Amino acid sequence: MVRAIRQYATPALAKGERLNEIQHMASSRKTPETPACYAMVHEGLESIAAEEIAQSLGGEIKRLGSGLVVFRVPEIDRSILTLRTVEDVFLYAWGTDKLSYRATDLESIQRWTDRDGDWDHLLKIHHAVTPKPKGKTTLRYVAQMNGVHGYRRIDASKAMARGLAGKLPSSWRFVDENASIEIWLKIDGAMAICGLRLSDRTMRHRTYKHEHLQASIRPTVAGVIARLADLKPGQTVLDPMCGAGTLLAEAHLSVHGKKGVGGTEWEMNYLGGDIDAGHVRASLTNLRQFGIAGIENWDARQLPLDDESVDRVICNPPFGKQMSTPEEIDPLYRQSVREMDRVLKPGGKSVLIVSDAAALRAATEHVGWKELRRLGVRLLGQRAFIGLYRKAAE
Ligand SMILES: C[S@@+](CC[C@H](N)C(=O)[O-])C[C@H]1O[C@@H](n2cnc3c(N)ncnc32)[C@H](O)[C@@H]1O
């Protein structure tokens, strides 16, 4: 049975609470009100994205699924594209958690796309939020599928396309990448969700990254770390292994434009460095546009910084597979965390992302940091951990 999402309104989720169910929900076809939206995020970071959506947009969180946050905002405008912890945002057409895994799902996908998606309404909102590109409108269908189903991803995509037949102008031209109109179907086990993409690639890749490193952190994950760092005006923020500078860029952008008492902008101090001179150059190229120039070629195990001189440490040390020998991880984490602790002010916080949780735990326990929060995240198929710590206040 198809029911409107309004009937599923739930109270705002408590921190960390997870609702995996996305029961069959149609967009509100009969009443052209503001449709629901959803965001795709890295698996494990849904609760932080939900916090950002609630705080920055006044959004009401409806459902958290794996890599998914379904929400409503009072008004859909360009502010939705300013979210920093999500990979993409969509206008919601329909969703279900009742797929059967059998080929009969294909008829359901076609029917839901045809009957439940209020495509005219969604397209109107899309046009209002994103500027119409010059030239012919381009179109792309994207289907993602996780799990073992009795049909292929391409079949699911074709079922969605059949459901859309006659609903979009025939003059629109199909393209393989970066279309002006993109309709996505995500299937994950028994869950499926379908919608119109509002964001483009710049939401997940950003526009500031001129220099890229293979080991660079995804900007939206760096956005999560910047958020967890809980920055305050006037603080000094350090990334001792800054690579291409993504964490510092996201820290800067997370507070940029914020006004303090008397209407003055927050004055922050950003410090960074890397043992690889090429990485120092890469981060300088990426960070210069933000007025961040304090990047040095250093060894994070021996920082040229005074004791208790920084308020926040944010860091993405090398993962085991990025080292020539994985055995180097334990001593590197131990020595660099000891050095972070030396330069951190009492009561200061650090946020670290690693793949080897045990090595990090040993290092942080050694210096007596209190773990305030810990998130497991899946990054391009690899498991990683984000830990938020506080050094004891004196
Ligand atoms: C995973 S990468 C960091 C990527 C970075 N967050 C970004 O977004 O580009 C780890 C970085 O640690 C640096 N590194 C490794 N050992 C170091 C050390 N002892 N001191 C300083 N930097 C180090 C590497 O050169 C590399 O740039």
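Couple of notes before you dig in:
- Residues within region 347-356 that are crowded, with 18+ Cβ neighbours inside 10 Å and in contact (Cβ under 8 Å) with a residue 40 or more places away in the chain, tallied: 5
This table checks each residue for (1) more than 22 Å from Gly347 (Cβ to Cβ); (2) touching a Pro at 6+ places or on another chain (Cβ under 8 Å); (3) within 11 Å of the ligand (Cβ to nearest atom).
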{"position": "Ala229", "(1), (2), (3)": "no, no, no"}
{"position": "Gly234", "(1), (2), (3)": "no, no, no"}
{"position": "Gly243", "(1), (2), (3)": "yes, no, yes"}
{"position": "Leu248", "(1), (2), (3)": "no, no, yes"}
{"position": "Gly262", "(1), (2), (3)": "yes, no, no"}
{"position": "Trp266", "(1), (2), (3)": "no, yes, no"}
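- Checked against (1) part of a helix (DSSP H, G or I); (2) within 12 Å of the ligand (Cβ to nearest atom); (3) modelled with pLDDT under 95, Val221 passes all but condition (3).
- Of the residues making up region 323-346, those that are assigned to a strand (DSSP E or B) and open to solvent by 30 Å² or more (accessible area, probe 1.4 Å) number 2.
- Summed over region 341-394, the residues that are farther than 23 Å from Ser47 by Cα and among the hydroxyl-bearing types (Ser, Thr, Tyr) give a count of 1.
- The helices (runs of 4 or more DSSP H) falling completely within region 71-172 that include 2 or more residues that are closer than 30 Å to Gly58 by Cβ and either open to solvent by 30 Å² or more (accessible area, probe 1.4 Å) or acidic (Asp, Glu) (or both) map to 119-129.
- Selection count, region 357-394, where residues are open to solvent by 20 Å² or more (accessible area, probe 1.4 Å), modelled with pLDDT under 95 and under 23 Å from Gly223 (Cβ atoms): 6
- For the criterion of being touching a strand residue (DSSP E or B) at 6+ places or on another chain (Cβ under 9 Å) and more than 11 Å from the ligand (Cβ to nearest atom), Val313 passes.
- Across region 176-218, the qualifying residues are those that are within 16 Å of the ligand (Cβ to nearest atom) and open to solvent by less than 20 Å² (accessible area, probe 1.4 Å), and the one among them that is modelled with the lowest pLDDT is Tyr208.
The values are calculated or read from the model by the stated rules, or taken from the named source; none is laboratory data. Everything numeric here is computed off the predicted structure, so don't read it as measured data. Cβ: placed from backbone, ideal geometry, glycine included. Neighbour counts: every protein chain shown. Areas reflect the complete protein model, heavy atoms only, side chains present, ligands, DNA and RNA absent. Shrake-Rupley method; radii C 1.70, N 1.55, O 1.52, S 1.80 Å.
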